[in-house]
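Working notes, beginning with the structure itself.
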Amino acid sequence: MKKAVVTGGSGGIGSAICRALAENGYYVYVGYASSAEKAELLAAEIGGEPLKLDVSCAESIKAACEKTGAVNLLVNNAGISEIDLFTAISEEKSSRIINVNLVGAMELTRKLLPSMIREKSGCIINISSMWGEVGASCEVDYSASKAGIIGFTKALAKEVAPSGIRVNCISPGFIMTEMNSRFSAEDLELIREEIPLGIFGEPRHIADAVVFLASEKAEYITGQIIGVNGGMVV
């Protein structure tokens, strides 16, 4: 059976990815940093396994990789954000954003990649953001971290392609998750007006893109940034 690790697996987008992969034959490790109960419930639902995995902690990464062993698919989905003026973000918060969103993804990949190289097979899918492509006011640190994910994807794809490993990136637009429930109805309508397709993204849209990129139908695709944003960024 194919094995997949999904970081941030208990969140809105992460849980949709985990469910979709399980439906497509993967044994899924539901990665979580603090939401143990959610991860356990989801893992039980899909026949997978909860995986304690704080990507900002080297020891947590090491322990998680020892537990999973070799995997066929890694989805670097874990991410955090802080909305505020750039000058108001503390050094501590900035470091946390960069470590979780970028450094953590790189270090986890570094640990799981050798077995993929030995097998000359594997797939890595990084979750960035449209703000990593164009930048967002009041989310400067987040935008920088997600832009880093895009650069990481492109460079690593070139490096590991001769080993038969594909590395791609999904760049979500505005996705209706619990995190975005803070917006008022008026704010949501203003956001909707900025989306050419006129609809909000749902976690399943990202999950569908992950399933496609992980499949044989995408065997000739690597190093690409796939925007799933309703046309908001083109």
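Being under 16 Å from Gly79 (Cα atoms), open to solvent by less than 60 Å² (accessible area, probe 1.4 Å), of a type in the set (A, V, I, L, M) and part of a helix (DSSP H, G or I): is that true of Ala157 here?
no
Only one residue in Phe174, Phe152 is touching a residue at least 12 places away in the same chain (Cβ under 8 Å) and either farther than 21 Å from Asp84 by Cα or within 13 Å of the chain's Cα centre (by Cα) (or both). Which one?
It is Phe152.
What number of residues within the range 86-141 satisfy the criterion of being among the aliphatic types (A, V, I, L, M), farther than 20 Å from Gly223 by Cβ and either out of contact with any helix residue (DSSP H, G or I) (no Cβ under 9 Å at 6 or more places or on another chain) or touching a residue at least 24 places away in the same chain (Cβ under 8 Å) (or both)? Explain how you work it out, then say what you get.
So in the range 86-141, the residues among the aliphatic types (A, V, I, L, M) come out as 88-89, 97-98, 100, 102-103, 105-106, 108, 112-113, 116-117, 124-125, 127, 130, 134, 136, 140.
Those left that are additionally farther than 20 Å from Gly223 by Cβ: 88-89, 97-98, 100, 103, 136, 140.
Next, from what is left, pick out any that are either out of contact with any helix residue (DSSP H, G or I) (no Cβ under 9 Å at 6 or more places or on another chain) or touching a residue at least 24 places away in the same chain (Cβ under 8 Å) (or both): 88-89, 97-98, 100, 103, 140.
Count: 7.
Working carefully through the options Ala44, Ala64, Ala70, find the one that is of a type outside the set (Ser, Thr, Tyr), more than 24 Å from Pro172 (Cα to Cα) and part of a loop (DSSP other than H, G, I, E, B).
On the way: Ala44 fails: part of a loop (DSSP other than H, G, I, E, B); Ala64 fails: part of a loop (DSSP other than H, G, I, E, B).
Going through Ala44, Ala64, Ala70 in turn, just one is of a type outside the set (Ser, Thr, Tyr), more than 24 Å from Pro172 (Cα to Cα) and part of a loop (DSSP other than H, G, I, E, B): Ala70.
Tell me which residues, restricted to the range 214-226, are open to solvent by 30 Å² or more (accessible area, probe 1.4 Å) and either within 16 Å of Val75 (Cα to Cα) or part of a loop (DSSP other than H, G, I, E, B) (or both).
Ser215, Glu219, Tyr220, Ile221, Thr222, Gln224, Ile225, Ile226
Taking Arg182, is it open to solvent by 60 Å² or more (accessible area, probe 1.4 Å) and among the charged types (D, E, K, R)? Don't jump to the end; show me each part of the working.
Working: open to solvent by 60 Å² or more (accessible area, probe 1.4 Å): yes; among the charged types (D, E, K, R): yes.
Considered against the rule, which asks whether it is open to solvent by 60 Å² or more (accessible area, probe 1.4 Å) and among the charged types (D, E, K, R), Arg182 comes out as yes.
Determine whether the range 175-182 contains at least one residue that is outside any loop (DSSP other than H, G, I, E, B), of a type in the set (A, V, I, L, M) and modelled with pLDDT of 95 or more.
At the first step, the residues of the range 175-182 found to be outside any loop (DSSP other than H, G, I, E, B) are 175, 178-182.
Among the residues that remain, those that are also of a type in the set (A, V, I, L, M) are: 175, 179.
Restricting the remaining residues to those that are modelled with pLDDT of 95 or more gives 175.
Checking the range 175-182: at least one residue is outside any loop (DSSP other than H, G, I, E, B), of a type in the set (A, V, I, L, M) and modelled with pLDDT of 95 or more.
Take the range 1-37 and flag every residue that is in contact with a Phe, Trp or Tyr (Cβ under 7 Å, 6 or more places away or on another chain), open to solvent by 50 Å² or more (accessible area, probe 1.4 Å) and not in a strand (DSSP E or B).
The one that is in contact with a Phe, Trp or Tyr (Cβ under 7 Å, 6 or more places away or on another chain), open to solvent by 50 Å² or more (accessible area, probe 1.4 Å) and not in a strand (DSSP E or B): Met1.
Which residue, of Ile83, Ile61, Ile46, is open to solvent by 20 Å² or more (accessible area, probe 1.4 Å), hydrophobic (A, V, I, L, M, F, W, C) and under 23 Å from Ala144 (Cβ atoms)?
Numbers: Ile61 fails: open to solvent by 20 Å² or more (accessible area, probe 1.4 Å); Ile46 fails: under 23 Å from Ala144 (Cβ atoms).
Going through Ile83, Ile61, Ile46 in turn, just one is open to solvent by 20 Å² or more (accessible area, probe 1.4 Å), hydrophobic (A, V, I, L, M, F, W, C) and under 23 Å from Ala144 (Cβ atoms): Ile83.
Hey, does the range 187-200 have a residue that's in a helix (DSSP H, G or I), touching a residue at least 24 places away in the same chain (Cβ under 8 Å) and not acidic (Asp, Glu)? First the steps, then the outcome.
Filtering the range 187-200 for residues in a helix (DSSP H, G or I) gives 187-193.
Adding the requirement that they be touching a residue at least 24 places away in the same chain (Cβ under 8 Å) leaves none.
Within the range 187-200 (the criterion being in a helix (DSSP H, G or I), touching a residue at least 24 places away in the same chain (Cβ under 8 Å) and not acidic (Asp, Glu)), the answer is no, since none of the residues qualifies.
The values are calculated or read from the model by the stated rules, or taken from the named source; none is laboratory data. These numbers were taken from a predicted model, which means no experiment stands behind them. Neighbour counts run over all protein chains shown; Cβ positions are idealised from the backbone, glycine included. The accessibility values were calculated without ligands, DNA or RNA, using every heavy atom of the protein model including side chains. Shrake-Rupley method; radii C 1.70, N 1.55, O 1.52, S 1.80 Å.
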